[in-house]
Amino acid sequence: MRSTLQVIKDRRSTRKFKSEQIKEEELQAIIEAGIYAPSGHNKQSWNFTVIQNKELIEELNIEAKSVAKNSLDEFMRKMGNNDKFNCFYEAPTVILVSGESKESLSLIDCSAATENMLIAAESLEIGSCWAEFIGVLFDSEKGEEYKRKLNIPQGYTPYHAAVFGYKDVKTTNAPKRKENSVQYIR
Ligand SMILES: Cc1cc2nc3c(=O)[nH]c(=O)nc-3n(C[C@H](O)[C@H](O)[C@H](O)COP(=O)(O)O)c2cc1C
């Protein structure tokens, strides 16, 4: 069994998945890791939306790309216009992490929960990728419509998304770490 440190170092963003769905107990273990994240004032101000419906995942991809085509951001426009790009990489499971809008630390809570899920997935040898691209849809004029369609609870804002599935790629080395990012005061 790999140590936690090793799992953290082994995790890579996976962008090619097998179509087979992950097992229910694996999904539950990943969600459990999310809800066991630390949270500001222990508010646990998150909410998880698990999407395993292929048609809905594809609809979200198409809608997000269509919004991105008109983005002010050049990179987003490029991805929106790229026919080969799928913002969920055809992963069989997408998890949206929404935060309680009135809680000042909920965005950070949701980030901690999302990272926990990515690490948990790697510990189970499941591939994952943080998939923030979908945010363009929630920030658009169609955002409210999709929040309703996805049953995001009232008072919650979808902050993050991550995708999960069995890896269909060989593991790559971690990108080189930036130097001089640590100062010690002893
Ligand atoms: C806040 C955040 C948003 C990200 N959004 C995306 C995304 O929309 N699409 C994507 O393919 N990767 C996304 N990533 C993954 C990063 O590109 C990836 O973590 C980075 O390139 C380092 O590679 P690694 O995860 O393999 O270590 C995101 C990562 C973070 C932390």
Qualifying residues in the range 165-175 (those that are of a type in the set (D, E, K, R) and in a loop (DSSP other than H, G, I, E, B)) - the one nearest to the ligand (Cβ to nearest atom): Lys170
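Listed here are the residues, each with its yes/no results for (1) within 11 Å of the ligand (Cβ to nearest atom); (2) without any contact (Cβ under 8 Å) to a residue 24 or more places away in the chain; (3) surrounded by fewer than 20 Cβ atoms within 10 Å (Cβ to Cβ).
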residue: Phe85; (1), (2), (3): yes, yes, yes
residue: Cys110; (1), (2), (3): yes, no, no
residue: Val163; (1), (2), (3): yes, no, no
residue: Glu179; (1), (2), (3): no, yes, yes
From Glu74, Glu115, residue being out of contact with any Cys (no Cβ under 6 Å at 6 or more places or on another chain), at pLDDT 95 or above and crowded, with 17+ Cβ neighbours inside 10 Å: Glu115
Out of Tyr184, Tyr159, sole residue that is more than 14 Å from the ligand (Cβ to nearest atom) and at pLDDT 95 or above: Tyr184
Of all residues in the range 9-20 being surrounded by 15 or more Cβ atoms within 10 Å (Cβ to Cβ) and out of contact with any strand residue (DSSP E or B) (no Cβ under 7 Å at 6 or more places or on another chain), the one that is nearest to Ile57 (Cα to Cα): Arg12
Candidates Glu32, Glu24, filtered to the one that is more than 15 Å from the ligand (Cβ to nearest atom), among the acidic types (Asp, Glu) and touching a residue at least 40 places away in the same chain (Cβ under 8 Å): Glu32
Tally of residues being among the aliphatic types (A, V, I, L, M), under 17 Å from Asn61 (Cα atoms) and within 16 Å of the ligand (Cβ to nearest atom) across the range 121-153: 4
Selection within the range 55-78 - among the small types (Gly, Ala, Ser) and under 14 Å from Lys149 (Cβ atoms): Ala64
Count of residues meeting criterion [modelled with pLDDT of 95 or more, closer than 22 Å to Thr172 by Cα and of a type in the set (A, V, I, L, M)] in the range 1-29: 4
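The values are calculated or read from the model by the stated rules, or taken from the named source; none is laboratory data. Since we're looking at a predicted model, the values are computed, not measured. For neighbour counting, all protein chains shown are included, and Cβ atoms are generated from backbone atoms with ideal geometry for every residue, glycine included.
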